[in-house]
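Trainee: One structure coming up, written as structure tokens, with questions to follow.
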Amino acid sequence: MTDAAAPPLRIVVADDQATIREGLVIMLGLMPDIDVVGSAANGLQALEQVARHHPDVILLDLHMPVMDGIEATRQLTARHPEVAIVVLTTYADDTSVLETLRAGARAYLTKDADKLHIARTLHSAAGGYAVLDPQVQAALLAAATAVPAPAEPVAPPPGDTPPDGLTPRETEILTLIARGMTNTEIAAALFLSHNTVKTHVNRIFTKTGSRDRVAASHYAHRHHLD
């Protein structure tokens, strides 16, 4: 006599882009060993869906409104440690990866992963295994083996606290934005990947309430960061 088949894996999908979110719900819902029990358009909704449905795994985007994926990961880890967190995002830079893993994510995939890879990762994460996309592994390896090089200091003098929660690195990049430098030029000057700079710039825009580089430059001038 054989054991009964294992119940389907219960998952919640969280992504602010409706097309992607709905596509994932349909695609994964067609798999016989997966049951999509909820979906969310931002991090706050993700917390609510997990509290309501108690899934095995949540498939989570990083850059969402109201509450981003990294903060949602921190809160999910604290409130629902039994739920495995799998990040599915377009960002594979070392900063996003490290922050997400430190926050408690068990797996990290980029959005070019196919449905079978995503499904296998969901099951592996639910089983307690860590999974990293090859692009993510490459980003971490590059960050670990990079040789730091001196750069002109542009952050505020020691003792000064950057405004609005900006980190020293974000303040440094904001200063270079105010000097008219492009992301590519900033990446070359600070020996960072283009994706890492792009991620920092997006966070700078959010924290400073800037819609574009011009607004960010005005913010830098007002706070004497240029």
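The values are calculated or read from the model by the stated rules, or taken from the named source; none is laboratory data. Just so we're clear, the structure is a prediction, and the values are computed from it rather than from any experiment. Here the Cβ positions follow ideal geometry from the backbone for every residue, glycine too, while neighbour counts run over all protein chains shown. The area values use the complete protein model at the heavy-atom level, side chains included, leaving out ligands, DNA and RNA. Shrake-Rupley method; radii C 1.70, N 1.55, O 1.52, S 1.80 Å.
Trainee: Given the conditions (1) open to solvent by less than 40 Å² (accessible area, probe 1.4 Å); (2) within 16 Å of the chain's Cα centre (by Cα), report the number of the one that Leu44 does not fulfil.
Mentor: Of the numbered conditions (1) open to solvent by less than 40 Å² (accessible area, probe 1.4 Å); (2) within 16 Å of the chain's Cα centre (by Cα), the odd one out for Leu44 is (1).
Trainee: If you take the residues in the range 132-155 that are among the hydrophobic types (A, V, I, L, M, F, W, C) and open to solvent by less than 30 Å² (accessible area, probe 1.4 Å), which one is modelled with the highest pLDDT?
Mentor: From the range 132-155, those among the hydrophobic types (A, V, I, L, M, F, W, C) are 132, 136, 138-144, 146-147, 149, 151, 154-155; that's our starting set.
Narrowing the set further to residues that are open to solvent by less than 30 Å² (accessible area, probe 1.4 Å) leaves 136, 139, 154.
Details: Val136: 69, Ala139: 63, Val154: 52.
Among those residues, the one meeting the criterion is Val136.
Trainee: Could you tell me which residue of the range 185-209 is nearest to Glu99 (Cα to Cα), considering only residues that are among the hydroxyl-bearing types (Ser, Thr, Tyr) and modelled with pLDDT of 90 or more? Steps first, answer last, please.
Mentor: Pass one, the range 185-209, residues among the hydroxyl-bearing types (Ser, Thr, Tyr): 193, 196, 199, 206, 208.
Checking the rest, the ones that are also modelled with pLDDT of 90 or more come to 206, 208.
Working: Thr206: 17, Thr208: 20 Å.
If we take residues in the range 185-209 being among the hydroxyl-bearing types (Ser, Thr, Tyr) and modelled with pLDDT of 90 or more, then Thr206 is nearest to Glu99 (Cα to Cα).
Trainee: Among residues belonging to the range 47-60 that are closer than 20 Å to Gly128 by Cα and under 18 Å from the mean Cα position of the chain (by Cα), point out the one that is surrounded by the fewest Cβ atoms within 10 Å (Cβ to Cβ).
Mentor: Among those that are closer than 20 Å to Gly128 by Cα and under 18 Å from the mean Cα position of the chain (by Cα), it is Val57.
Trainee: Please go through the range 175-198 and pick out each residue that is open to solvent by less than 80 Å² (accessible area, probe 1.4 Å) and either farther than 23 Å from Arg222 by Cβ or basic (Lys, Arg) (or both). Spell out the reasoning first.
Mentor: Initial filter on the range 175-198 (open to solvent by less than 80 Å² (accessible area, probe 1.4 Å)): 175-178, 180-183, 186-190, 192-193, 195-197.
Listed by number, the residues that qualify are Ala187, Ala188, Ala189, Leu190, Leu192, Ser193, Asn195, Thr196.
Trainee: Still on this structure, please answer the following. Has the range 63-77 got at least one residue that is touching a Ser or Thr at 6+ places or on another chain (Cβ under 6 Å), closer than 22 Å to Ser193 by Cα, at pLDDT below 95 and not aliphatic (A, V, I, L, M)?
Mentor: Among the residues of the range 63-77, not one is touching a Ser or Thr at 6+ places or on another chain (Cβ under 6 Å), closer than 22 Å to Ser193 by Cα, at pLDDT below 95 and not aliphatic (A, V, I, L, M), which makes the answer no.
Trainee: So, Glu172, is that one surrounded by fewer than 20 Cβ atoms within 10 Å (Cβ to Cβ), without any contact (Cβ under 8 Å) to a residue 40 or more places away in the chain and assigned to a helix (DSSP H, G or I) or not?
Mentor: no
Trainee: Do you know which of the residues in the range 91-101 that are outside any helix (DSSP H, G or I) and open to solvent by less than 20 Å² (accessible area, probe 1.4 Å) is nearest to Ala18 (Cα to Cα)?
Mentor: Just the residues of the range 91-101 that are outside any helix (DSSP H, G or I), to begin with: 91-93.
Imposing the further condition that a residue be open to solvent by less than 20 Å² (accessible area, probe 1.4 Å) reduces the set to 92-93.
Details: Ala92: 21, Asp93: 24 Å.
That would be Ala92.
Trainee: List pairs: first in the range 179-205 and of a type in the set (Asp, Glu), second surrounded by fewer than 16 Cβ atoms within 10 Å (Cβ to Cβ), Cβ under 9 Å, 6+ apart or cross-chain?
Mentor: none
Trainee: Another one. Output the number of the condition that Ala84 fails; it satisfies all remaining conditions of (1) aliphatic (A, V, I, L, M); (2) over 25 Å from Ile26 (Cβ atoms); (3) open to solvent by less than 50 Å² (accessible area, probe 1.4 Å).
Mentor: So the condition that Ala84 fails would be (2).
Trainee: Separate question: Mind checking which residues of the range 181-201 are over 25 Å from Gly69 (Cα atoms) and of a type in the set (Ser, Thr, Tyr)? Spell out the reasoning first.
Mentor: Of the range 181-201, the ones over 25 Å from Gly69 (Cα atoms) are 181-182, 184-186, 188-191.
Within the range 181-201, Thr182, Thr184 meet the criteria.
Trainee: If you don't mind, there's one more thing I want to ask. Got a sec? Which strands (runs of 3 or more DSSP E) wholly within the range 1-90 have at least 1 residues that are out of contact with any Leu (no Cβ under 9 Å at 6 or more places or on another chain)? Can you show your working first?
Mentor: Values: elements: 9-14, 34-40, 57-60, 84-89.
Of the strands (runs of 3 or more DSSP E) lying wholly inside the range 1-90, those with at least 1 residues that are out of contact with any Leu (no Cβ under 9 Å at 6 or more places or on another chain) span 9-14, 34-40.
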